[in-house]
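Reviewing the structure listed below.
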Amino acid sequence: MKTLSQERMKQIPRQGSSHRMRRSNTLKVLQKKLNDNILMEAHKWLANWELAINGYCDEMKNKGGPTVPGNLFTFTLLRGKAWLPIKEFWNYAGLQHHIILVQLLVLGWSFSAIGQYNWPALSKSRQKHKAVEQVVKTLTLLHDYAQDKRRRDMERAIAAAQAYKAYPSLAVLCREYDLAEEGMRRLIVRGQKILSSPRIA
């Protein structure tokens with residue numbers, strides 16, 4: 001995975017930047033254009049962003065669930081884990097699509113604002129049309145990537161469980177999968193659960 005350079009990071013619009021725009025619930029406008037699964041992935045991406053960047057997400061605040069025991073180290077790990085899928089999609093889809101997600105979901109920009117920022121040379125009507133087109137493309141890419149990643153993760157867990165059944169040596173599998181023993185055990189257990197679950201006809 002390639003490293004994200006500081007120069008690329010600077011290109012992302014921030015809250016409070018000179019590119020401040022009027023907030024708009026643009027995602028809601030897209031409900032008729034996109035299916036629920038695509039919108040669900042958008043909400044997951046935003047929850048990960050809030051946790052990774054702010055240290056909390058709205059879902060945590062609104063549910064008011066019990067606190068999870070931990071310390072600064074485990075909390076940092078939690079935030080790092082939330083940032084990982086954001087960085088992976090960034091590397092997969094490119095900076096432009098990542099910026100569009102930030103503008104749409106984090107900053108709440110309208111189509112007009114997204115178009116004006118990303119394609120300033122176009123006319124206002126073309127800016128808005130381009131923004132709608134690219135937002136739909138970005139959200140669809142996010143959904144497809146997430147679906148494919150879940151499939152690959154499931155296949156990896158199944159392969160680990162099958163390998164352990166055939167040759168039950170954690171030390172060998174830890175080296176093969178580049179995981180510590182605890183992580184390897186979790187992966188095997190997950191694969192065993194998937195294998196033992198009833199098949200849907």
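The values are calculated or read from the model by the stated rules, or taken from the named source; none is laboratory data. Everything numeric here is computed off the predicted structure, so don't read it as measured data. Note that each Cβ is placed from the backbone with ideal geometry, even for glycine, and that neighbours are counted across all protein chains shown.
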Going through the stretch 166-200 one residue at a time, which ones are under 26 Å from the mean Cα position of the chain (by Cα) and among the hydroxyl-bearing types (Ser, Thr, Tyr)? 177
Which condition from (1) surrounded by fewer than 19 Cβ atoms within 10 Å (Cβ to Cβ); (2) more than 26 Å from residue 44 (Cβ to Cβ) is the one that residue 106 breaks? (2)
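Restricting attention to the stretch 111-130, report how many residues are of a type in the set (A, V, I, L, M, F, W, C) and either within 14 Å of residue 96 (Cα to Cα) or touching a residue at least 24 places away in the same chain (Cβ under 8 Å) (or both).
To start, the set of residues in the stretch 111-130 that are of a type in the set (A, V, I, L, M, F, W, C) comprises 111, 113-114, 119, 121-122.
Retained after the next criterion (residues that are either within 14 Å of residue 96 (Cα to Cα) or touching a residue at least 24 places away in the same chain (Cβ under 8 Å) (or both)): 111, 113-114, 119.
Qualifying residue count, the stretch 111-130: 4.
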Mind listing just one residue for me: the one in the stretch 119-149 that is under 12 Å from the mean Cα position of the chain (by Cα) and charged (D, E, K, R) and, of those, modelled with the highest pLDDT? 144
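Please return the ranges of helices (runs of 4 or more DSSP H) entirely within the stretch 17-96 where 1 or more residues are surrounded by 13 or more Cβ atoms within 10 Å (Cβ to Cβ) and modelled with pLDDT of 85 or more.
36-54, 72-93
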